[in-house]
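These notes concern the structure reproduced below.
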Amino acid sequence: MEILHVSAECYPVAKAGGLGDVAGALPLYLNQAGHSARLVMPMYRTKFLYTHQWEVAHKGYANLGNRWFEFTVIREADRSLGFDLYLLDINGLLDREKIYGYDDDTERFVAFQVAVLEWVNAWEQKPDLIHVHDHHTALIPFMAANCYKYAALRSLPTVLTIHNAEYQGWMGWDKSIYIPEWDTWHWGKLDWNNCINPLASGIKCASAVTTVSPNYLQELKYKSNGLEALFEYEKGKCTGILNGIDSHIWDPRTDPFVPYHYGVEDVEAGKAKNKMAMCDRFDLDFEKPLIAFIGRLVGEKGADLLPQAIAESFRYIGRRMSFIILGSGNAGVENALQRLTDQSNSDYNVYIGYDEGLSHQIYAGADFLLMPSRVEPCGLNQLYSMRYGTVPMVRRTGGLKDTVIDYGDENGYGICFEHAATGDICHAIWRAAELYRDKKKMLSIRKHMMQLDFDWKTSVKKYIELYKRVAAG
Ligand code: ADP
Ligand code: GLC
């Protein structure tokens, strides 16, 4: 099948979180399974753009309300990602340093989607299916089916994957002029609570909807930032497909970011060397169990709970473990985490910022990875940590519940807790410190986790089945 993915992120071109990882892996694995999957994303000013060769694939123009704009689609000449990668440039709108976070993000992403449809409309041979990801691309199913000028795309099947339903891309009805002329009789397909809600529109209009884990789909029916009734109503077209990991990139035997490579057979020695490097760099005591947190410092990830949970665990459990935090986000949380370094006794450190290489080194060097998420549609960190022999400590929510079994349960390997609350986190930290003392158990858990299969190969089969179903109507 010919599948076109449309995404705001794609690793290694531009990544803010897990969406980038998924968009960089799914088309590759679809190609490896014998299909032809390509991906188009905005052309940001990233290092990847300047260090790769490009050829022009298409030039066109379109309107965003009253604003006329030109766009160019370029294709990566060497196909270095293992699939055709297209960047769409709109001068002045998309060519920015960051992916998100501008006042005109609405205009940027609507213009991107309009331009994508203009481009596809011009293809002689249309793709069999368009697969869009999250709210930044979720107006495409509506526009393809309802805009007069895209009549040739009307029957094109579309799949929407929801990576995170917390963000929905809400915009006022005054912005409806951005959408190329459409039959206003169908306004209800854009509307949710008197706003244009791109995510809700995508759920209503896509041929099929997927979430990035089965459990998250269940949760969305009673907790989805206002879309509960919609998920209940549309449940017939929704499927939960667990994300995979790109095991070419995330492999401790070969990972170029990791200083000391290791596999299942030498995990203990390999991790010890990486931990030592980590402890040297961040002034941490090698003897203590090293608990890490990697991620966006936002409420969804429970990051605001970390400063208090760490301080309390030192107070009540004792200074028996050390912590390393990598992340950026909420300024208040960043400051609180920075302040904790004043009290460090070679047992706490933090790196505020985004550093891809350091994240890999932490997965390899840490003993435990803490994820006290309030919302976690899938979560990739726990999958990476397991592949690197690092025990995940997770709140039982979303994809974390689907992927981590508590070591106290049959065949278990992780540490699970119920609530995103400091008490539960401290208890999990205490359990980690206790588990760490049992070297034999730790080793067998590390080996067990490293052999678990979360490869994309398995998940990609489910997407292919879905595509076939959708394409067959
Ligand atoms: P989300 O997409 O909600 O942020 P995921 O667990 O799906 O959560 O994916 C997060 C991805 O982003 C992982 O690849 C993780 O290693 C990476 N990541 C998050 N924060 C940072 C950071 N500060 N530096 C480097 N990598 C990070
Ligand atoms: C989102 C979710 C995360 C998921 C990722 C990739 O950003 O927050 O849980 O793993 O998308 O699907």
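Partner lysines whose Cα lies under 21 Å from the Cα of residue 440, excluding those fewer than 8 positions away in the same chain, are identified as 271, 273, 275, 288.
Here the chain carries DSSP beta bridges of which approximately 30% are antiparallel, counting only pairs with both residues inside. If you plug the beta carbon distance of residue 343 and residue 421 into 1/(1 + (r/R0)^6) with R0 = 25 Å, you get a FRET efficiency near 0.65. Based on the alpha-carbon gyration tensor of the stretch 264-453 and its eigenvalue square roots a ≥ b ≥ c, which shape applies: rounded if a/c is under 1.5, prolate if not and a/b is larger than b/c, or oblate? Rounded. Using a 7 Å offset from Cα along Cα-Cβ at residue 264, what residues in the stretch 427-447 end up with backbone N under 17 Å from the label point? Residues passing the 17 Å test: 441-447. Take the cross-link list 235/301; 235/462; 223/468; 149/221; 98/468; 126/468 and give me the ones stretching past 28 Å between alpha-carbons. Listed pairs above 28 Å: 223/468; 149/221; 98/468. In degrees, nearest 10, range 0 to 90: what is the angle between the Cα axis of helix 422-437 and the longest Cα principal axis of the chain? On a 0 to 90 degree scale, this one is about 60.
Taking the C-alpha atoms only, the angle from helix 105-122 to the longest principal axis of the chain is near 60 degrees.
Of the GluC sites (Glu not before Pro) in the stretch 97-127, which ones lie in a loop per DSSP and count no more than 11 other C-beta atoms within 10 Å? Answer in residue order: 97, 124.
Our summary gives the stretch 264-453 a relative contact order of 23 percent, counting only alpha carbon pairs under 8 angstrom and 6 or more residues apart.
For the chain, the longest principal axis of the alpha carbon atoms and the long axis of helix 439-450 meet at an angle near 10°.
Bear in mind these aren't lab numbers, they're just calculated from the coordinates by the rules spelled out. Computed from a prediction, not measured in an experiment: that's the story for all the values here. Because the Cβ atoms are built from the backbone with ideal geometry, glycine has one as well, and the counts that use them run over all protein chains shown.
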